[in-house]
Each structure stands twice: as structure tokens, then as C-alpha cells.
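Asks: Supplied in C-alpha cells, the structure appears directly below.
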Amino acid sequence: MLSTRSSPTEHDQPSPAPDARPGTPWRLAEAARSPVAAALDRLGSAQAGLSAAEAGTRLAAVGANVIHQRRTTALDILVRQLRNPLLLLLLSAAVVSALTGDPKDAAIIAAIVALSVGLGFFNEFRSAQALAALHEDIRYEALAWRDGSGVRVDVADLVPGDVVGLGVGDVVPADLRLIAADGLECDESVLTGEAQPAAKSVAPAGESDSSVDLPSCAFMGTIVQQGSGRGVVVATGSRTAFGGIAAALGERSADTAFQVGLRSFSALLVKVAAVLTVSIFVINVALERPLIDALLFSLAIAIGITPQLLPAIVSVSLSSGSRALARERVLVKRLVTIEDLGNMQLLFTDKTGTLTEGAITFAHALDAAGDEATAPLALGLLCNEATVGAGGVAGGNALDRALHAADAAGALRASATQRRLGILPFDHDRQLVSVVVEDPGGGHLLITKGSPEAVLARCVDVPAESAGVLERLFGDGARVVAIATRAVDAATPPTAADERDLRLAGFLTFVDRPKADAGASIARLNRLGVEVKIITGDNGKVTEKLCRDLGVHVAAVMTGSELERLDDDALAAALPRTTVFSRVGPEQKARIVKVARRGHVDVAFLGDGVNDAVALHAADVGISVESATDVAKDAADIVLLDKDLGVLATGVTEGRRIFANTMKYVLMATSSNFGNMASAAGASLFLSFLPMLPSQILLNNLLYDVGQLTIPGDRVDEEVLARPAAWDIAFVRRFMMTFGPVSSVFDFATFFVMLQVLHASQGEFRTGWFVESLATQTLVIFVIRTRRLPFFRSTPSRTMLILPLVCASIGAVLPFTPLASALGFTPLPVAFFLILLGFIVAYLVLAEAVKARFYAHEAQLGDRPRPEHDRHHRHVHRRAARFHRTRGPHATA
């Protein structure tokens, strides 16, 4: 049966229908069993689609075509802040304390906890709002017919009755009743789990036991794998089959490596906190101190060692970084993938639009001997998947549209005497498109167009000079399409089996100029430690010529056929010395990425087509662009609004800056908190009283955390940005065990001065340790924030310089304020502050010396590769995240 595709006309307009409203799954099944005309009539539509006015009316009535996922609410964030069991235990103990006669201390503890929770809530809520705003910037479009013309519209604006076009790589934007189909096949695995694509037709469906076994319909969220077609929208948004599943599942993205690292870090702190808490509680009870005081103190110690603002610091770092990236035209779909971007070491990228302008223009039509001729262009216009309407050229690939642009006046199309009867659309496996046409004399001709290799392999009697013509064209960097023909007997749609015994008619050449800054962008990525390799479906010599023009050295070129002959071990050995992979298919792209990941490097893949989706899934970080197919954008972690490697290099740098600043807080929190709380545990062994009140410990921790809130905006040293970054929990543990004891040394020195030199009272002891502890752990940030010599070779940001000093000053001034009595503080003598000043200087000098020795030892350890099982664990998490994420282009944050 021949296709019934026809171009909509202005005279085929719908009249508004009173029941033109979103359908339910059973109505879709009813539409599937109805003839095309009846389905259009039921929906108040026509082959030409809706008028813009009618579409607007229906949109107001039925709402946007989106699947509303559950947004993060203020209550969700507040619950997360309160989910810390130590906080809940502390609040419970405060309540007990209030009921047993110490309401003042209980009120102070509750106020400090509330302030800490409020601070974390404010920052995380602001970050969630920023992320939601970024997601709003990602848009998906569909080809729809409005007022008789094909136009691109946001999928959210589609309504029942809209007529939309489908092509290879498209994600079906709504539940559709097909009204035209040319070899259309859809991957429906998202609904059925079946890997085999489902063939589609316009014939009414029969009875079926399955709600998704409807060959005359296409479902939202499924992917067009082959062919093309048009359909009328029956259901949108959550009323679609896909929408119902998505709403029921309430998908939650799995953790990335960054989140796994944070969880491992938290587990480490929980273990340390548990040991300290239990030990301190047992010691204080054994020393016959009041049970409530012992419980409050031990819980306060546990809170003190926990970096309560870590979620807020991470959220602020990632959200501020994502906003900075957005200003650079880089959209991060999930904040935590910024770490993957910064850790990128090997980038596989396509060629078109990345290294070139991406604007394909027709150059020449040549016969088989290489001479200028018009006939190949005329044949190319007949064998073409693009269509021309009132809205301009639509559908087809870039080469098809370039051919139509070359015949802008329509002279060749107007003079054509052949009528097209059927088409076998292009697919990436055949790399061909074929049509059958009928001439006025009643004869039938098969026209095949595609890659020269694929066409010539199906030709007979190829002129000897044709090979030389191709070599010359490829050497000039041209993109070449070959045209061949064969007379056929029957007026039936072509099949792959018909593409044989062809005669070469000639070549069509196209050009895509190199981007002026592509070479500089690759050089910049190389300086950042990112190696760039090119994977393309194009000819290798074309790509090699392009690389030479950009100043990029090409070590070797491997073709898809050569790759196919290699096993994974041989491919892994060939990867380091191969710069260009040409004529590769979708599965080969994914295989290259998977094998590259075996080399213990983080691999990124940049692609924009449906044939890139598998490779995007396989990479450590998948990168797509705003102009990409919906399935590519959905598979990606990062979306570039400009297909520009320079933009990507900026993203890599920003990702590393964000991760580096997050790690500053982690190292600060673990070393300082661990040292101070270990000091508290030791002090309780020889003191007859609690070394610091629970409320004082919490206040100390709060002021310290406030002083670290400027870390996300701090400057990062160039050498840190110059290399990939990765979470290393073993490094964090070594850092904590090295710097924590240094802090404790000065705590015990303070204990000695307070007791033996100043003969401090109980209140003076607590006050003195509070001031010293806050000052040393707050100011040591200037040492820990850089591997360089502080201030002289690495200057902090202005806010990073001011806020820690302010917080340390507040701690020193508090004992002399009206709040001192309520907080349990006592004014300290001047001698203490003179000694304290000496302690601070000595502490920072010692910390700097220890830091230099520590990093020298780390350098001797070398760059050790991460274990393979860790990389596998990371990849499993990412694959799970992508599987559970809504795959359609219509999800809102």
C-alpha cells in the first residue's frame, strides 16, 4: 500500500469541535480503531491541523502538555534539615532539661539549633529555586501544522487536534493517531520493555488485549527509530499512557559519584561521632556527673563534629556554579553532575557544528566523471525527505534542506515531470534513502541517494574515473553524496532489497566551514588536561583535512569497518594513538566510549543525534546541545546552548572550581571539628566539670559554620583548575587524621594556660576555650584553602577574608556583652588575649608546616588510578539514574 502522505492545504482547515479535549487511554484506543477521517473529525481537526487561534483556545482549556513531576517544596527541604537524628536527640534532651529545671539552657540550645537549621534551609531552598529556574530554560519543540503551514512549536503548547510531524530521532511529543506513515517504526521499550521497534501504519487497529499494542498510534515518550510520519494529537500531558506511568512512579534519580562520596564522608563522620558520643557519655556518668548534663554534652559533641552546613555549602556551591555556567550558555540538568564535568579527562565529540559552523550549503552537482551537471541535482530533489510548504522547508536532514535551498526559485522542482510514489527513509545502518518515481511515459525509476561508499557498493559498471573524483572531493574537505538509479517494473514502495544493481548518476557536494575558534578551543581543553578525539559518521579524509585546517594533529584515523575487526583489547590498545573515528555507527560509538572507560579515565561524549543516545548513556558524562534531538538531550547530563568547545572548556573549569571549593569546606570541617571534639573528650577525663556547656559547643559550631559560608565564592588556584578533580574519601580521612591532632595540641595548651597559669575558674575555663577554639578553627581556613603560601601566593576573595575574621571577633567579644551571663561566659583577663594571639600565630605557622609536609607526602603517592569496581559502581548509579528519569521531553522540574 502506497503512502497517503500529502501536504496540508489552506482549504483543509478544521472547524472547532465541542469535544476537542484531551483523551484518555481508552479514547486513544477508540481513535486507533477509527479511520483517519473519523479520528480527525472526532477531534475537530483536519490534515492541515488547527488554526493558531483554535490551538490557543484549547491550550487554555486543557492546559500545557507537560508531565508534572513533584517539585521540591519548602516543607521537603525543612524535613531534610530536621532529619538529622542527632539534632532530634539534642532537641529532645533540651526538652527534658527544661522539664527538670533548666529552661534557660534548654531555650539557648533550641534557639541555636533553630538558627542552624534555618540557615541551612534558606540556602538549600534558594538553590532549589535556582535549579528550577534553570530547568525552565530547556525547551523542546515539535513540527506542527498551524494555519496550514508546518511550524516549530514548544511541545508544551501542543493540544488535542494538533497535527505533528515525526522523523528519525524524534521523541513522540504526545499520544497520536497516525494519519500518515512512511516506513515508520518506533522504539516503545519505555512502555513495553520490548527492544524490537514497533512498525506503524495508518490502517485502523483491530481489537487488542494491550492498551499499547496499537500500530496506528504513536505514544508520548517513545522514539522514532526509522521512517517518518504525521499524527493528530489525541491526548497530552498526564493523560497520556506515558504520563500515567510517570505520575504513578514518582521517579527519583539515583545518586551520582559525587553524592556517593558525600554519603561515604557522612558515614565516616557518623562512626567517629558515635565513638566520641558514647565514650564521653560513659566517662561523664562514671565520674558521677548529672545524667542530663552528660547526655547534653555528649550529644553536643556529636553535633559539633558534624558539619551541619555541608548540605547548604554543597547546594550553594553547585547552584551558584550552575548559575555561572548558565551565564556561559551551559545548562546542568542535575546539579551533582557538575563534579563529573570537572573530572573529565577524555572527550569524544562529533564534527559537524562543533568543529564546523554546522551550516551545510550545497556546492556542486557533478556527473560520474566529475563534470558539472544539472541532472544529479534534479534527482537529489526527487530523492529527498525534506518538504516545502508555506512555512518554508521542513523535515529531512541538513543535506536535504540544503538541496532545496540550492533550488530556491523552485525551477528544477517546477520542471520535474516525474511523480514520487513511495519512499524508503534514510537510516544510519544503510546510510541511504530511496524513492520510486513515475515519469509521464508510465515508466518507474528507483533513485537512491546516500554515502558514496554505500551507494557505490550497490552499483554496477562504475566508471573508473569516479574513484579519482571522490578522492579529490574528499581531499578538498567536501561532504559528498552519491546518486544512483535503476529502472523498476512495479509502482511499489522501495525496500532495502531493491537497492541493488544501480547505475551511478553522479555526486552532490556540500561544504561546512570550520569554526574560527575551534582549534583554539581544543588547545584550551588540552591545557586543562582533556584529550579530544573525534567520532563522526563522515568520511575520515574529510575530517582529517578539517583537523589540519584547525591545527589539530591527527595521529591516526580508524574507520568503522576497521573497528569492527578489532576485539575490545585491541581497540583499547589502539585508542591512545587514534584521533579520528570515521564512518562509525551508533553501537560502535558506544563501544568506543565503553572501551575508553576501561583506561581509568573519566570519559565525556558530546553528541546531538538519536544515533548518539547510546554513547551518551555509556559515557561518564553525556553532553548534548540545545539544537539536538529530544532523545539526545534527554540522555545527556549537560546541555550546551551553543555547540562550542570553548563553552565546554569554560564548563570544565567551572566544574573544577565548584568541586575545589566544596572540598575546602569538607577538609576544614573534618580536621577542625575532629580536633576540637577530641580535645573535649580528652578534657572530660581530668576535669571535674564539663569543659564547655552544650549550648556553647553549638554556638561555637554555628559561628564557625557561618564563617565558612563564603567558601563557595572563594578564588581557586590555577593549578587546581588545571587538572581533573575527583572525590577521594581516603584523602579526606588522611587529612583529618593529620590536621585534627594539630588542633588538639593547641587546645590542650589552652587548657594548661587556663588552669596552671591563669588559675581560671570554671566559667573562665569554658569561656577561654570557647574563644581559642573558635579563633583557631575559623582562621585556619586561610591555610587550608590553598596548597600555596597563604596571602603571598594565594589571595582569598574579599568576603572569604572578612567573614572568618568577623566570626572570630564575635567569639572574642561575646564574653563582654549582656549575653555573656545567659550563655555561661565570663570576662577574660587581657593576659589571656595576649597569649591567645601568640597561640593563633603559632597554630597557623605549624598548620602551614604540616600542610607542606602533608602535600609533599601526597605527591610521592602519585596519581593512583581508582579501582575498577569503584568506576563500575559509579556507572551503574548513573545508568540507573537515567533509566528512572522521565525520558520524554516534557517533564518539568
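Asks: On alpha-carbon atoms, Rg over Rh for segment 452-543 using Kirkwood Rh?
Replies: On the way: Rg = 18.6 Å, Rh = 16.1 Å.
With Rg and the Kirkwood Rh in hand, the quotient comes to 1.15.
Asks: Take the residue pairs LYS449/LYS643; LYS594/LYS643; LYS200/LYS541 and return only those whose Cα atoms are more than 32 Å apart. Mind showing how you got there, number by number?
Replies: Values: LYS449/LYS643 28 Å; LYS594/LYS643 24 Å; LYS200/LYS541 38 Å.
The answer is LYS200/LYS541.
Asks: Do me a favour and compute the ellipsoid semi-axes for segment 477-613 from its Cα gyration tensor, root of five times each eigenvalue, largest one first, whole Å.
Replies: Sorted largest first and rounded, they come to 33, 20, 13 Å.
Asks: Let me ask you something else. Excluding residues on the same chain fewer than 8 positions from LYS545, give the aspartates and glutamates whose Cα lies under 18 Å from its Cα.
Replies: Qualifying aspartates and glutamates at Cα under 18 Å: ASP350, GLU357, GLU471, ASP476, ASP512, ASP517.
Asks: Kirkwood hydrodynamic radius (Cα pairs, Å) of segment 642-727? Write out the running numbers ahead of the final one.
Replies: On the way: mean 1/r = 0.0632 Å⁻¹.
Hydrodynamic radius (Kirkwood, Cα pairs) of segment 642-727 is 15.8 Å.
Asks: In sequence order, what are the phi-derived ³J(HN,Hα) couplings for segment 223-235 according to the Karplus relation 6.51 cos²θ - 1.76 cosθ + 1.60 with θ = phi - 60°, rounded to whole Hz, with x for glycine and proline?
Replies: 10, 6, 9, 8, x, 8, x, 9, x, 9, 5, 9, 9
Asks: At 1.4 Å probe size, with no ligands or nucleic acids counted, give the accessible surface of LYS541 in Å², nearest ten.
Replies: Around 100 Å² of this residue is reachable by solvent.
Asks: For segment 569-622, what is the per residue volume of the convex hull drawn over the alpha-carbon atoms, in cubic angstrom?
Replies: 77 Å³
Asks: Ranked highest first by average number of other Cβ atoms within 10 Å, how do 426-439, 793-806 line up? Please report the intermediate quantities before stating the final value.
Replies: Values: 426-439: 19.8, 793-806: 15.9.
Put in order of decreasing packing, that is 426-439, 793-806.
Asks: Another one. Could you pull out every residue, at least 5 positions away or on a different chain, whose amide H is within less than 5 Å of the one on GLN226? Hs are placed 1.01 Å off N in the peptide plane, and Pro or chain starts have none.
Replies: Amide H neighbours of GLN226, under 5 Å, 5+ apart: GLU185.
Asks: Now for a different question. Measure out, as a whole number of angstrom, how far apart the alpha-carbon centroids of segment 493-535 and segment 774-847 sit.
Replies: Spelled out, the Cα-based centre of one part sits 60 Å from the other.
Asks: While we're here: In segment 519-606, what percent of the accessible surface is made up of carbon and sulfur (1.4 Å probe, ligands and nucleic acids excluded)?
Replies: Values: 1810 of 3620 Å².
C and S fraction of accessible area: 50 percent.
Asks: Here's another thing I want to ask about it. Quick check: residue separation of PHE792 and HIS600 times 0.36 nm, minus the Cα distance between them. What number comes out in nm?
Replies: On the way: separation 192, 0.36 × 192 = 69.12 nm, distance 3.65 nm.
Gain in length upon complete extension: 65.5 nm.
Asks: Using the structure shown, list the pairs from LYS515/LYS589; LYS333/LYS533; LYS533/LYS664; LYS271/LYS851 with a Cα-Cα distance above 29 Å, or answer none.
Replies: Working: LYS515/LYS589 24 Å; LYS333/LYS533 24 Å; LYS533/LYS664 33 Å; LYS271/LYS851 25 Å.
Beyond 29 Å between Cα atoms: LYS533/LYS664.
Asks: What list of ³J(HN,Hα) couplings, whole Hz, do you get for segment 789-795 from phi and the Karplus terms 6.51, -1.76, 1.60, once you set θ to phi - 60° and write x for glycine and proline?
Replies: 6, x, 6, 6, 10, 8, 9
Asks: Report the Stokes-Einstein translational diffusion coefficient (µm² s⁻¹, integer) for segment 723-789, Rh taken as the Kirkwood radius over Cα pairs, at 4 °C with viscosity 1.567 mPa s. Numbers along the way, then the final one.
Replies: Numbers: Rh = 14.1 Å.
Answer from the Stokes-Einstein relation: 92 µm²/s.
Asks: Put one equal scatterer on each alpha carbon of segment 629-678, apply the Debye formula with no solvent term, and list log10 I(q)/I(0) at q = 0.18 1/Å to two decimals.
Replies: -0.70
Asks: Going by average Cβ density within 10 Å per residue, which order do the peptides 716-722, 599-605, 159-165 take, highest to lowest?
Replies: Working: 716-722: 14.3, 599-605: 21.6, 159-165: 25.1.
Those peptides, ordered most packed to least, come out 159-165, 599-605, 716-722.
Asks: Taking H as built 1.01 Å from N, whose amide H comes closer than 5 Å to the amide H of GLY422, not counting residues under 5 places away?
Replies: VAL436
Asks: Something else about it: Amide H neighbours of CYS459 under 5 Å, counting only residues 5+ apart in sequence or on other chains, H built in-plane at 1.01 Å?
Replies: Under 5 Å from the amide H of CYS459: LEU502.
Asks: Oh, and also: Counting only protein heavy atoms and using a 1.4 Å probe, what share of the accessible area of segment 709-847 belongs to carbon plus sulfur, as a whole percent?
Replies: Details: 4270 of 6070 Å².
Of all accessible area on segment 709-847, carbon and sulfur atoms account for 70 percent.
Asks: So, one more: Could you work out, for segment 691-838, what percent of all Cα-Cα pairs fall into each 10 Å distance bin, beginning at 0 Å and stopping at the bin that holds the largest distance?
Replies: Pair shares across the bins are 10, 35, 33, 16, 5, 0.
Asks: Shifting gears a bit: Please compute the volume of the convex hull spanned by the alpha-carbon atoms of segment 570-721 and report it per residue in Å³. Display every interim value, and only then the final one.
Replies: On the way: hull volume 28.4 nm³, N = 152.
Per residue, the Cα convex hull of segment 570-721 comes to 187 Å³.
The values are calculated or read from the model by the stated rules, or taken from the named source; none is laboratory data. Values in this document were obtained by computation on a predicted structure and should not be read as measured data. Positions of Cβ are backbone-derived with ideal geometry, glycine not excepted, and every protein chain shown enters the neighbour counts. Just so you know, the surface numbers come from the protein's heavy atoms only, side chains and all, with ligands and any DNA or RNA stripped out. Shrake-Rupley method; radii C 1.70, N 1.55, O 1.52, S 1.80 Å.
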